[in-house]
Amino acid sequence: MRSKKGISTMAMAGIIIVVLVVAAIGVYALMRPPGPSATRVGLILATGGLGDKSFNDISYAGVQKAEKDLDIPFDYVEPKAIAEYEGYQRDFAITGKYVIIIAVGFDQADALNRTARDYPNQKFAIVDMPVDRPNVASLLFRANEGSFLVGVTAGMKTATGKVGFVGGMDIPLIRDFFKGYEAGVKWAKPTAQVIAPVFVGGWADPTKGKELALGLADLGVDAIYVAAGKSGLGALEAIHDRGILGLGVDADQCYLYPEIKASMTKRVDVAVYEVIKAAVDGTFEGGIKSGGLAEQWVGACRLPEEIDFWEDKFNFTHPLLEATVINKMDEARDKIVSGEITVPSAFG
């Protein structure tokens, strides 16, 4: 019997059952493994998005290759702010459609740590930062090794004896590029002065990037290595305007301006493709996956094993760079791989 202000026992029982069913459905959605329809790849790019001619673009190239070679389509999003990462990660994960979800950029790590915890049967990968979850493959790059090679170019080419560096953010990840670059300069020309690095403070501010590069040029710097995402495009424009030596990053940026004679290549496309293939083949394993020159996860566009790939990709011919410089880069590469040269790192 129902009182005027109460609820019958039967009605209460019904409400409890509904709540329990809804809760169970929610738990299932979180815990279920990707089903038979999990035949897609999800890609969450770093802020800055496509068109950076660098980090995001080369990551995107990896999923494009997987789509072509492995016949697996992909979906992607371009977050505008760090606060958007977790929402996109969860939006992908809850569908159960994705054999693997790839998060590009170190600043996705905190969000992915929570998302991967809540979706333990979903496979994830993250570029540039470790996430300690068994369902996450952390793809790390010894960028200091590739940066050493473009440092060799700067050391051999500088006429003023002053070289510089423009980074995106002052964080260990970007300091690692600088440490390798500085060591390469000093190995090639011990008397060269490597000016203290300058940082934009973000990845999508080419105006600030240009301002910083012009400031370095005003100090007499005649070679600048740029590792700043889309912000770096402004720095490279300044290099072109001043007619000094430019050194690109991540992808081959030499096609942008004739003053860019070499680029450190961070082959995120190779790492992304390999982790997608492992997920598709059923050989995926979580944990840290680290690669450098020996694994061809980093390099330089002027190395013999890379130059044709980049010229075909961007349909251009590299500007002239003396054979003595290229041979010195090759020598450095071989000595790093053999262990004769140990490149310093910002990570200790």
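Quick notes
- Residue-normalised convex hull volume from the C-alpha trace of region 36-83: 70 Å³ per residue.
- Taking one quarter of the surface of the convex hull spanned by the alpha-carbon atoms of region 211-319 gives a direction-averaged projected area of 8.3 nm².
- Relative contact order computed over the chain (Cα-Cα under 8 Å; 6+ residues apart), in percent: 18 percent
- Taking amide H as placed 1.01 Å from N in the peptide plane, Leu43 has its amide H under 5 Å from the amide H of Asp75, Tyr76, Val77, Ile102, each at least 5 places away in sequence or on another chain.
- Both radii are taken from the alpha-carbon atoms of region 117-169; with Rh as the Kirkwood radius, Rg/Rh is 1.28.
- The lysine pair tally for region 204-294, using Cα distances under 23 Å and a gap of 8 or more places or different chains, is 10.
- As a size descriptor, the averaged projected area of the C-alpha convex hull of region 124-216 was calculated at 6.8 nm².
- Region 250-311 and region 124-188 have their alpha-carbon centroids 14 Å apart.
- Karplus 3J(HN,Hα) series, Hz, for region 202-209 with 6.51 cos²θ - 1.76 cosθ + 1.60 (x for Gly, Pro): x, 9, 9, 10, x, 5, 5, x
- C-alpha long axis of helix 268-281 to longest principal axis of the chain, angle in °: 40 degrees
- Positive end of the dipole of region 94-184 (Cβ unit charges, origin at the Cα centre): among Ala116, Ile100, Val163, the Cα lying farthest that way belongs to Ile100.
- Close amide-amide hydrogen proximity is noted between Ser290 and Leu140, each under 5 Å apart and 5 or more residues distant or on a separate chain (H modeled in the peptide plane; Pro and chain starts excluded).
- Mean sequence separation of contacting Cα pairs (under 8 Å, at least six apart), scaled by the length of region 289-348, corresponds to a relative contact order of 28 percent.
- Normalised Debye scattering of the chain at q = 0.06 Å⁻¹ gives log10 I(q)/I(0) of -0.26, counting only Cα atoms as equal scatterers and leaving out solvent.
- In this structure the amide hydrogen of Arg302, modeled in the peptide plane, comes within under 5 Å of the amide hydrogens of Ser263, none closer than 5 places in sequence on its chain.
- The orientation-averaged projection of the convex hull spanning the C-alpha atoms of region 136-280 amounts to 8.5 square nanometres.
- Qualifying trypsin sites (Lys or Arg not before Pro) in region 121-217, DSSP loop, other Cβ atoms within 10 Å at most 12: none
Laboratory data are not the source of any read-out in this text; all were calculated from the coordinates shown. Remember, predicted model here, so these are calculated numbers, not experimental data. Don't worry about glycine lacking a Cβ; one is built from the backbone with ideal geometry, like all the others, and counts go over all protein chains shown.
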